[in-house]
Amino acid sequence: MAACAVLSATAVPVAAAADVAPTRPAVSLRAELSAQTGTTALAVGGPDRFAARPLRGILGPLGSLVVNRGLQTQFSDGSGIRVARTFPAAPDGAGLWQLLSPSSDTLLARARGGSAPLSPARAEGRATLRGTVRLGANDCAGFRGGVRTLDLDRATLLPLRIRTQRAGARAEVVTLAPRALNRPLPAAAFRPAGPIGAGDVRDDQGFRRTSPAAAARNLPYTPQLPAVVPDGFALAISGWAPRSDTTGAEGSIPPRRSLFQAVYARGWERIEVTQRASGGRGWPDDPFGVECGRLSRTAVTVDGAPATFGIGPEIPPHLYWRDGAVLNTLSGPFPAATLVEIAESLTPIAAS
């Protein structure tokens, strides 16, 4: 069995509130990502396989980054980092599009919940849906408040153009020019830019990519998967680790034991499920929190248990709650009502 198998989903569709769905989900593609500071070539082979290689200048924090089914290598400023068995799901890990366009999930969730309009427009020669996300001030980074305008491709919902305008600063524009949509990509597209040197950083997060049933045999609790997900989503990644990563603002929540994660994908969109042993304690704070990050929280319930829905301009919509011996999170580009519906469908995995 391959280290990362694409797993079939058993969940049935659930209609999302005011659903905005892609007509052509982008599973794989090549693209150029451009900004004032540089241009980067992207190759995306699925939710757990992507590469970013600078063509001109430096674009954001990516450098030369390759993630190939759990093995991450990155080169920047002459130094390298190798991370094995990476966490695929938030709040412990992050996918490519969360790094490139952290406001996309928020905009889609608000549009699907009816609180943010999307208007027909055009960008980069394509039909788009245009919407805005208000950005709060960030005193830590010295940023003032502003507005981020996103143009999402009408067919794929890929972020084709992202314009960020903060008070007192020049507008920053990032564009994405996709091509070779859903065509096979060669293995060479996901080879690291070079070898990791003796003095470079090496790490192993310990996440074993395997089937849900195989993961269940290694955990002291019975993990659960949703029985219902929005139409088009399918289970793409699952597995377990002996320990989670630190989470929360400034790493304020220490690792917990016995982590289970599952990622459902529809093109670039992701619904991410995580569970970990509670140790008899609830979440001390929001595990998705970031230092000085703007985050709003709303009290909700999941099957009668207290839970919290969180969302921010650059923080994905998410739920977190305790269910006895297990701490749960569920995140994705949907409003609270849809995430609660998915959470309430969680069903124990039958170990094989």
- Note on the structure: If we keep only residues of the range 286-308 that are in contact (Cβ under 8 Å) with a residue 60 or more places away in the chain and charged (D, E, K, R), then the residue least open to solvent (accessible area, probe 1.4 Å) is Glu291
- How many residues of the range 69-101 are open to solvent by less than 40 Å² (accessible area, probe 1.4 Å) and farther than 16 Å from Ala241 by Cβ? The answer is 8
- Query: For residues in the range 71-92 being modelled with pLDDT under 95 and assigned to a loop (DSSP other than H, G, I, E, B), which is farthest from the chain's Cα centre (by Cα)?
  - Reply: Gly78
- Query: Can you name the number of the only condition in (1) buried (at least 21 other Cβ atoms within 10 Å of the Cβ); (2) of a type in the set (Gly, Ala, Ser); (3) part of a loop (DSSP other than H, G, I, E, B) that Ala141 fails?
  - Reply: (1)
- When Ala214 is evaluated against the numbered criteria (1) in contact with a strand residue (DSSP E or B) (Cβ under 6 Å, 6 or more places away or on another chain); (2) in contact (Cβ under 8 Å) with a residue 60 or more places away in the chain, which criterion, by number, is the only one it fails? (1)
- Task: Provide a single number: the residues in the range 239-263 that are at pLDDT 95 or above and among the acidic types (Asp, Glu).
- Result: 1
- Note on the structure: Considering the range 57-68, residues that are surrounded by fewer than 21 Cβ atoms within 10 Å (Cβ to Cβ) and assigned to a strand (DSSP E or B), and then whichever is modelled with the lowest pLDDT, we arrive at Gly57
- Query: Looking only at residues in the range 196-214 that are part of a loop (DSSP other than H, G, I, E, B) and at pLDDT 95 or above, which one is most open to solvent (accessible area, probe 1.4 Å)?
  - Reply: Gln205
- Query: Which members of the range 229-275 meet the condition of being among the charged types (D, E, K, R) and at negative phi?
  - Reply: Asp231, Arg243, Asp245, Arg256, Arg257, Arg266, Glu269, Arg270, Glu272
- Can you confirm whether the range 102-123 contains a residue that is under 10 Å from the mean Cα position of the chain (by Cα) and open to solvent by 20 Å² or more (accessible area, probe 1.4 Å)? yes
- Return the residue satisfying two criteria in turn: it lies in the range 259-285 and is in contact (Cβ under 8 Å) with a residue 40 or more places away in the chain, over 20 Å from Trp97 (Cβ atoms) and of a type in the set (Gly, Ala, Ser), and of such residues it is surrounded by the fewest Cβ atoms within 10 Å (Cβ to Cβ). Gly280
- Filtering strands (runs of 3 or more DSSP E) wholly in the range 220-331 for at least 3 residues that are over 30 Å from Asn138 (Cα atoms) and either out of contact with any Asp or Glu (no Cβ under 9 Å at 6 or more places or on another chain) or not aromatic (Phe, Trp, Tyr) (or both) gives 224-226, 228-230, 234-243, 257-266, 269-277
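The values are calculated or read from the model by the stated rules, or taken from the named source; none is laboratory data. A quick note: this is a predicted structure, and the numbers were derived from the prediction, not measured. We place every Cβ from the backbone using ideal geometry, glycine too, and count neighbours over all the protein chains shown. Each accessible area value is taken on the protein alone, full model and side chains, heavy atoms only, with ligands, DNA and RNA left out. Shrake-Rupley method; radii C 1.70, N 1.55, O 1.52, S 1.80 Å.
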